[in-house]
């Protein structure tokens, strides 16, 4: 299940979406996430889902691969849905058992929050699946550049955020490897009550933290060996430059965001 997490992975397909400017994709992602919290109608989420499906189609990504990223977080999504259903008491009573009450408003809110989380995962996964870590770093740095005047370390922040995204799949692979090694020695992560399974995961933390610190130290040494001293005076192999298709895509996304936010 850990391998199903698509956040942080990059898959090159040579599509139109892959060739769009990374700054545009970052801004579009931020706009779509903002739209998630502005929309108050499930119909708006349906429109947004259709838009995302079109983006996945243009990116030439398998729908199964994109949807696979939801699987590792399905228990968190279900927990959020159940809590909203039970804690929100609005509208007619649909079911009750002792202190547990399910109302029409609570059911609607639970479904609403579940759909919101699913769409949030898909939006963020689509960004990393279609944007390489290098171009993502360049895009973030360009967008943060105006804040340098107030002392914000734009290059360092962009580098840290990109490295964090890049190492998500690596750490997940490391966790899977450690789990298999411990299972071969008799550890059980799949049976028993949920509290027992959570307790059995604790021995994973020490070797996982050691591995993470080791990788961080190796990365730091590699950067120092290549005379990395921050962003000052550095040049780029490929400079970011907007083209006509970027401007056209920006207009289409902006129109979609404004119309959807206004209608729903």
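Miscellaneous remarks
- All of (1) under 23 Å from residue 70 (Cβ atoms); (2) within 13 Å of the chain's Cα centre (by Cα) hold for residue 114 with one exception: (2).
Residue by residue, here is whether (1) within 30 Å of residue 75 (Cα to Cα); (2) within 24 Å of the chain's Cα centre (by Cα); (3) surrounded by 12 or more Cβ atoms within 10 Å (Cβ to Cβ) holds:
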| residue | (1), (2), (3) |
| --- | --- |
| 164 | yes, yes, no |
| 176 | yes, yes, yes |
| 205 | yes, yes, no |
| 224 | no, no, no |
| 235 | no, no, no |
| 261 | yes, yes, yes |
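Listed here are the residues, each with its yes/no results for (1) touching a helix residue (DSSP H, G or I) at 6+ places or on another chain (Cβ under 9 Å); (2) part of a helix (DSSP H, G or I); (3) within 30 Å of residue 43 (Cα to Cα).
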{"position": "107", "(1), (2), (3)": "yes, yes, yes"}
{"position": "126", "(1), (2), (3)": "yes, yes, yes"}
{"position": "129", "(1), (2), (3)": "yes, yes, yes"}
{"position": "148", "(1), (2), (3)": "yes, yes, no"}
{"position": "166", "(1), (2), (3)": "yes, yes, no"}
{"position": "169", "(1), (2), (3)": "yes, yes, no"}
{"position": "191", "(1), (2), (3)": "yes, no, no"}
{"position": "199", "(1), (2), (3)": "no, yes, no"}
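Matching residues to (1) part of a helix (DSSP H, G or I); (2) farther than 16 Å from residue 258 by Cα:
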site: 35; (1), (2): yes, no
site: 45; (1), (2): yes, no
site: 61; (1), (2): no, yes
site: 66; (1), (2): yes, yes
site: 74; (1), (2): yes, yes
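- Residue under evaluation residue 12, criteria (1) surrounded by fewer than 13 Cβ atoms within 10 Å (Cβ to Cβ); (2) touching a strand residue (DSSP E or B) at 6+ places or on another chain (Cβ under 6 Å), criterion not met: (2)
- Within the stretch 187-214, residues that are closer than 17 Å to residue 177 by Cα sit with their Cβ atoms under 7 Å from residues that are modelled with pLDDT under 85 and not in a helix (DSSP H, G or I), at 6+ positions apart or across chains, in these pairs: 200/187; 200/188; 200/189; 201/189.
- Selected residue [modelled with pLDDT of 85 or more, over 23 Å from residue 33 (Cα atoms) and surrounded by 13 or more Cβ atoms within 10 Å (Cβ to Cβ)] from 131, 135, 103: 103
- Residues that are crowded, with 18+ Cβ neighbours inside 10 Å and either free of Cβ contacts under 8 Å to residues at least 12 places away in the same chain or farther than 16 Å from residue 122 by Cβ (or both), drawn from the stretch 15-25: 18, 20, 21, 22, 23, 24
- Among residues of the stretch 31-45 that are touching a residue at least 12 places away in the same chain (Cβ under 8 Å), those with a beta-carbon under 8 Å from a residue that is assigned to a loop (DSSP other than H, G, I, E, B) at least six positions away or on a different chain give the pairs 39/264; 40/264; 41/264; 43/264; 44/264; 45/39.
The values are calculated or read from the model by the stated rules, or taken from the named source; none is laboratory data. Since the structure is predicted, the reported quantities are computational estimates derived from the model, not experimental observations. With ideal geometry, Cβ positions are generated from the backbone for all residues, glycine too; neighbour counts draw on all protein chains shown.
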